[in-house]
Structure formats: C-alpha cells, structure tokens
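The values are calculated or read from the model by the stated rules, or taken from the named source; none is laboratory data. Note that this is a predicted model, so its numbers are computed, not measured. Reconstructed Cβ throughout: ideal geometry from the backbone, glycine too, with neighbour counts over all protein chains shown.
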Amino acid sequence: MTPSNTPRCPVCQAAFRSVEECPRCGAALRPLMRILLAAHALRQAARRAIRRGEYPRALALARAAARLHATRAARQLVFLARWMDASAP
C-alpha cells in the first residue's frame, strides 16, 4: 500500500500494519483487516475476470471491492471494467 493508502485505525486514525490491536488506542482492528482483505480479493477477482473477457462480472466485482474499500486503485478498476463492458461486442 502507498503511504496515502495506509490503513488507519477507525477510532484514533493511527496508521497500522499487520496488527490486530491499534498500538495507540487499543481498538480491535481484526474486523477492519478482514474488510481490507475481502476488498483486495474482490479486486484480484475483477482483474482475472477482465483477462478472461468477463466484463460484466469484472464490473460487478470491481464495484463490490470499491464499496468495501474506496481507493484510487478501486476507482480505476471500476472505470476500466465499465469501459471494457461498454466496448464489448
């Protein structure tokens, strides 16, 4: 992840990486980490769908990922999948 995309604690906004408890405030981060991992898996699945030419599926997966974790990469993937779906024969 890029520095601007580093996950932050929803309670105190401290940056974290691969920890289950916020080092600053002690908030449980495992639920957030699960969401971030699910979004990553959806983006990966969307990329695979694009490579296979499954553009409607790719768009649905990309949108689902963007709903879970709204990042620049997620927005770009939605844009690409939407463009590919519209340009499909």
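Is at least one residue of the range 56-64 out of contact with any helix residue (DSSP H, G or I) (no Cβ under 8 Å at 6 or more places or on another chain), at pLDDT 95 or above and not aliphatic (A, V, I, L, M)?
No, the range 56-64 has no match at all.
In the range 24-39, which residues are free of Cβ contacts under 8 Å to residues at least 12 places away in the same chain and within 26 Å of Ala58 (Cβ to Cβ)?
Arg34, Leu37
Please state which of the following conditions Arg30 fails to meet, knowing it meets all the rest: (1) buried (at least 16 other Cβ atoms within 10 Å of the Cβ); (2) over 24 Å from Ala86 (Cα atoms); (3) in contact with an Asp or Glu (Cβ under 8 Å, 6 or more places away or on another chain); (4) not polar (S, T, N, Q).
(1)
Collect the residues in the range 68-83 that are out of contact with any Leu (no Cβ under 8 Å at 6 or more places or on another chain), more than 11 Å from Arg43 (Cα to Cα) and in a helix (DSSP H, G or I), keeping them in residue-number order.
Once the filter is applied, which keeps residues that are out of contact with any Leu (no Cβ under 8 Å at 6 or more places or on another chain), more than 11 Å from Arg43 (Cα to Cα) and in a helix (DSSP H, G or I), the range 68-83 yields Arg72, Phe79, Leu80, Trp83.
Which of the residues spanning the range 38-57 are of a type in the set (D, E, K, R) and either in a helix (DSSP H, G or I) or under 19 Å from Leu68 (Cβ atoms) (or both)?
Arg43, Arg47, Arg48, Arg51, Arg52, Arg57
Return the residue satisfying two criteria in turn: it lies in the range 47-85 and is without any contact (Cβ under 8 Å) to a residue 60 or more places away in the chain and either of a type in the set (S, T, N, Q) or in contact with a Gly (Cβ under 9 Å, 6 or more places away or on another chain) (or both), and of such residues it is surrounded by the most Cβ atoms within 10 Å (Cβ to Cβ).
Met84
Which pairs turn up if I take residues in the range 7-23 that are assigned to a loop (DSSP other than H, G, I, E, B) and of a type in the set (S, T, N, Q) and look for partners that are at pLDDT 90 or above and surrounded by 12 or more Cβ atoms within 10 Å (Cβ to Cβ) with beta carbon separation below 9 Å, at least 6 apart in sequence or on another chain?
Gln13/Arg24; Ser18/Met33
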